[in-house]
Amino acid sequence: MADVSIQQKHFFSDKVEHFTESVIREMTRQAMLHGAVNLAQGFPDFPAPVEIKQAAQQAIANDVNQYAITWGAKNLRNAVARQMKVWQGITVDPEKEITVCCGSTEAMISTLLAVCNAGDDVVIFEPFYENYGPDAVLSGAKPKFVTLRPPSDGDGEWTFDERELRRAFDRHTKAIILNTPNNPTGKVFTRTELELIRDLCLEFDVLAITDEIYEHILYDGTEHISMASLDGMQDRTVTINGMSKTYSVTGWRVGWAVAPERITNAIRKVHDFLTVGAPAPLQEAGAMALSLPDEYYVKLAERYRVRRDHLIPALVAVGFKCFRPRGAYYVMTDIGAFGFQDDVEFTRYLVKEIGVAAVPGSSFYHNPADGARQVRFAFCKKPETLDEAGKRLGKLRR
Ligand code: GLN
């Protein structure tokens, strides 16, 4: 009887009918259930740098245990502003233009809630990190997808069609979400590509929301360019970043959004009522992390390059076609050689029978069929973990 009345009342928001739970995070639960090696969710399985952990312990010992200022501890905001100047030549006012959030995930949803109205369109390159779709829905906006095409040969670059991108822009377009270095493709957008996007943002009066969480994880001599550093873009860009990937602390949940003052004011209001603030002692540790010497970042990228070059040959040897990433720590693969019906069936087999968890490609596309031949592997793991995965994958048959 009670159940019936619940159904009649329809207690659910229409919004939640439009997306599922995260497949990436579901694959981690599957990995745990089946004792599989987890190359699905992108989190390191090795320790965070000792100096950062000590800074966090020290902050707690020093009783930094109450709320920080809602938009972020001053030390961390100052450190973010200083590093944006050093790395990208961007001048940021830490008092007026930075909001520290619970991870870049919250920075993205707070930004979209702060800028979007029902009826607005948001342009998203596809394949896309799966949060962006639900983020757009929750903020009332309609995502419009522009395809990134894989290279025909695994060593080439993912590209988009300039005309298709232009067609996605019109008077309803509020923002474009850009993620460079890109998850899941590993694409690092070039200056020419960014300038093309910049020109469209200026022509159609559109905001760029850029997720730059992998900014230091670059290979093969590629360079990370922040959209906000391009002429004309600083006053129409929200730059999102965080500690998770750069300092291997995905569970700390410390990220930030950098935006012009008026947009920051809107983001701060949403952020305040959503979460009040990110963990205070971990923000202090973040200020310390952002003062690590340059060689930290050089080593970080080099260590991930070695891991990339370790995993890809193991995948190729058993029959995957790999699209070599230029940045971030994922490799997208083509599974055509294995003769499975689709990516979901394949990853289910992989986690249960082979003992390796990966992410089905369809979770990065709005139309699942477009990702049905693709699977993503994360290589932000210890060499032993990658070895074990390689050994297990050796049981796969084409
Ligand atoms: N960005 C990571 C991934 O794509 C995971 C992030 C998350 O699960 N919050 O796997």
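The values are calculated or read from the model by the stated rules, or taken from the named source; none is laboratory data. Please read these numbers as outputs of a predicted model, since none were measured by experiment. Don't worry about glycine lacking a Cβ; one is built from the backbone with ideal geometry, like all the others, and counts go over all protein chains shown. Ligands, DNA and RNA are excluded from the accessible area calculation, which covers all protein heavy atoms including side chains. Shrake-Rupley method; radii C 1.70, N 1.55, O 1.52, S 1.80 Å.
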All-pairs alpha carbon distance profile, the range 201-245, 10 Å steps from 0, percent: 26, 46, 24, 4
Rounded Å value of the spacing that divides the Cα centres of the range 43-100 and the range 102-125: 23
Order by protection proxy (mean Cβ within 10 Å, highest first), peptides 157-170, 107-120, 25-38, 268-281: 107-120, 268-281, 25-38, 157-170
Leading residue at positive end of dipole, the range 102-158 (Cβ point charges), from Thr105, Pro143, Tyr129: Pro143
Å² of accessible area per residue within the chain, as computed with a 1.4 Å probe and no ligands counted: 44
Selected from Leu292, Ala317, Met243, residue furthest toward positive end of dipole (the range 230-383; charges at beta carbon): Ala317
Filter on Lys96/Lys144; Lys299/Lys321; Lys321/Lys391; Lys74/Lys269; Lys53/Lys187; Lys96/Lys269 - keep pairs with C-alpha separation over 20 Å: Lys96/Lys144; Lys299/Lys321; Lys53/Lys187
Protein accessible area in the range 232-344, 1.4 Å probe - carbon and sulfur %: 54
Percent breakdown of C-alpha pair distances by 5 Å bin, ordered from the shortest bin, for the range 213-369: 2, 7, 12, 14, 15, 15, 14, 11, 7, 3, 0
Cα shape, the chain, gyration tensor, a/c 1.5 rule: rounded
Rg/Rg_ref, the range 135-191, where Rg_ref = 2.2 N^0.38 Å and atoms are Cα: 1.28
Protection proxy ranking, peptides 121-130, 221-230, 289-298, average beta carbon neighbours within 10 Å, highest first: 121-130, 221-230, 289-298
Percent antiparallel among DSSP beta bridges (both partners in the chain, rounded to 5): 50
Isotropically averaged projected area of the range 1-147, using the convex hull of Cα atoms (one quarter of hull area), nm²: 15.0
Apportionment of accessible area to carbon and sulfur, the range 4-106, percent (1.4 Å): 57
Ranked by how many other beta carbons lie within 10 Å on average, peptides 70-83, 39-52, 234-247 from highest: 234-247, 70-83, 39-52
